[in-house]
Structure formats: C-alpha cells, structure tokens
Amino acid sequence: MAQQVTQDNSGEGKFYIGAGLTNVWYHIYYDSPKTDEYAVKTGYFHPISLNFGYKANERISVQVGLAYGGSKDSGEWSPGSTDTLLYEAHSRTHVLAIPVAGRLVFFKAFRRFPIYGTATLMPSFGSTKANRTETRHGVITSTEAKDKGMNVFATVGVGFNYRISTRFEGYVEYLFFKRNLTGKNSFDHDWDQFATKSEQIYRSFALGINYRL
C-alpha cells in the first residue's frame, strides 16, 4: 500500500518582515525645553516603520521595528510695537523609535480575515532644532536652540489581516488607547482631543503590509 504524501504549498513561515505607518500624532516632551519659547510646535511625529516579526502559532505573534518620523512648523508675527517689525520662527523635529508589538487573534471572519487585539510599547528618541529672527529697524538678529530627549509610548487596539497573496498580507488597526508613559498627555495639545469625533477616529488608524519568509 503506497503512502500518500501531502506537500505544503502554503508558503507560510514563522517569520515575516513588513512596513507600517500610522496617522496618529505622537508628541515627545523634552526635559527643560529650550525651544518652547520660540512659539512653534516641536516634538511631533508620525512614525513609519520597518518590522521583523515572529508568528508563534495561529493566534500569537510578536514583532519589533525601527521607525522614523518628524515634523516641521513655522510662523511669523509682530507685537505691534514701533521699534520691532517682525519675528519669524522655524522648527524641525526628527524622531527614531523602536516599536515592540504583540498580537492575539480572537477569531477569523470568513477564514481570510483574522480579527486580533494588539498592544505596542514604543521608546522614541527625538531631537528638535528651532531658530528665530527678529527684525528691528532693518537689523536682523538670529537665535537658535536645540532639544533632545526620549519618551515611551503605549497603544492598544484592534485590527484585522487580509490575505493579498500566498506570502503577502495587509493589515488595518484602530488604536483606541494612546498614552505617553514617560511624558505629559496634554488635553490641549495631544491625541487630537479637541478634534471632532470623526477626526479623532481617523487619527487613530494604522496600516501596513507583511511578507512571510
């Protein structure tokens, strides 16, 4: 009696690489910031990440990534005095982050769409450079300041995967919990808390694509 051999053509491995992005605004708070007096936004970033993951089984996976994000801001104003004509200020923020995430599949909808919960810790290392020019009686004076610091962020959310091909799959996540664990969480400045409800929801999504090795 011949033994039947079943060949696995799924192409699914334990490891994967991927790329992800989010429209969540993160905000690093620096210790004793020197750039705050420049009246421009500093420390904000949207991370874009490259990830390496391990799928322990059909339900549990973990991944670590390297992410970059940044922002810039500028403004000009005049205090209205007779001897000062104009102030101009500019800022530029760069951030490197290391997101570490875990996922737990709750159930599979129609087999192709695993629904999962996700939690992430993300140490983030940022630097901001700001400069300001003052024009007074035609004479221009410039000043500059720099800040560096680290904050750790946490997010929790739900998401789903969708199969694109044998090895490629995409994902979409909604992050309903967002917190700066080592810095401030300002109601005025962070997590779009003054935005409309629809905009708050829109500003809580992440998406990406993974490739099974």
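Considering every residue within segment 169-178, establish whether at least one is touching a residue at least 40 places away in the same chain (Cβ under 8 Å) and surrounded by fewer than 17 Cβ atoms within 10 Å (Cβ to Cβ). Yes, segment 169-178 has at least one match.
Scanning segment 187-204 for residues that are open to solvent by less than 30 Å² (accessible area, probe 1.4 Å) and either in contact (Cβ under 8 Å) with a residue 40 or more places away in the chain or not in a loop (DSSP other than H, G, I, E, B) (or both) yields a count of 2.
Might you check whether a residue that is assigned to a strand (DSSP E or B), under 22 Å from W77 (Cβ atoms) and among the charged types (D, E, K, R) occurs anywhere in segment 144-163? The answer is yes, given that some residue of segment 144-163 is assigned to a strand (DSSP E or B), under 22 Å from W77 (Cβ atoms) and among the charged types (D, E, K, R). Among the residues of segment 15-32, those that are open to solvent by 50 Å² or more (accessible area, probe 1.4 Å), modelled with pLDDT of 95 or more and either farther than 28 Å from Y116 by Cβ or touching a Phe, Trp or Tyr at 6+ places or on another chain (Cβ under 8 Å) (or both) comprise F15, I17, W25. The residues of segment 34-76 that are open to solvent by less than 30 Å² (accessible area, probe 1.4 Å), within 15 Å of K146 (Cα to Cα) and over 14 Å from the mean Cα position of the chain (by Cα), listed by number, are T35, Y38, V40, T42.
Taking L207 as the residue in question, decide whether it is open to solvent by 70 Å² or more (accessible area, probe 1.4 Å), under 14 Å from the mean Cα position of the chain (by Cα), modelled with pLDDT of 95 or more and within 15 Å of V24 (Cα to Cα). In short, yes. In segment 29-50, the residues that are basic (K, R) reach residues that are not in a loop (DSSP other than H, G, I, E, B) with C-beta atoms within less than 6 angstrom, at least six apart or across chains, in these pairs: K34/A145; K34/D147; K41/D73.
The values are calculated or read from the model by the stated rules, or taken from the named source; none is laboratory data. Values in this document were obtained by computation on a predicted structure and should not be read as measured data. Cβ atoms come from the backbone with ideal geometry, glycine included; neighbour counts cover every protein chain shown. The area values use the complete protein model at the heavy-atom level, side chains included, leaving out ligands, DNA and RNA. Shrake-Rupley method; radii C 1.70, N 1.55, O 1.52, S 1.80 Å.
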